[in-house]
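Single-structure report; data block below.
The values are calculated or read from the model by the stated rules, or taken from the named source; none is laboratory data. Computed from a predicted model, the values in this text were never measured in an experiment. Cβ placement follows ideal geometry from the backbone for every residue including glycine, while neighbour counts extend to all protein chains displayed.
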Amino acid sequence: MSQRAILQAEGLCGRKNVAVTSDDARVLRFAESRALSFVLERPSELATDEAPMSEVVCDVLERPEVLEAGYTHFILFQVTSPLRTLRQAKSFVRQFRQSPGARSAMSVVRAPQSPWKMFLSDDKHLRPLLS
């Protein structure tokens, strides 16, 4: 899945505009083999299931080599969205660019059922998503 996300980002932005961050050596090797601009090892404290993605993004954007590149926008391709297509990503960027004043955007999907029928699990109990 990581390779798919990397290839989609490359297809959308070009190799010289892609940053990959991971703690997985295989992912980093693949990214290096693609000759991407930024292949960054993710700090261990940001490589957990509990680490907020916002902190991972800040870590990347605050790296000196990324700051020096002078980017004004970024797109986060998460491997947890494997069904996303390059066509959808291109459409997303086009819509963002056509929205004057937009500072951010997020893709969403229609829920397969009403949120009133959804539950959260804490491994021992279920509780309603909405109450």
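Brief remarks on what is shown
- Of the helices (runs of 4 or more DSSP H) that lie entirely inside the range 30-131, those containing 1 or more residues that are exposed (fewer than 13 other Cβ atoms within 10 Å of the Cβ) and touching a residue at least 24 places away in the same chain (Cβ under 8 Å) span 53-61, 64-69.
- Residue within the range 107-127 that is under 18 Å from CYS13 (Cβ atoms) and out of contact with any Pro (no Cβ under 6 Å at 6 or more places or on another chain) present: yes
- Taken over the range 6-17, the criterion of being buried (at least 20 other Cβ atoms within 10 Å of the Cβ), of a type in the set (A, V, I, L, M) and out of contact with any strand residue (DSSP E or B) (no Cβ under 7 Å at 6 or more places or on another chain) is satisfied by ALA9 alone.
- Checked against (1) closer than 21 Å to GLU10 by Cα; (2) touching a Leu at 6+ places or on another chain (Cβ under 7 Å), VAL79 passes all but a single condition, namely (2).
- Only one entry in ARG94, ARG84, ARG110 is of a type in the set (Lys, Arg) and within 17 Å of the chain's Cα centre (by Cα), namely ARG84.
- Check on ARG42, over 24 Å from ARG103 (Cα atoms) and at pLDDT 95 or above: yes
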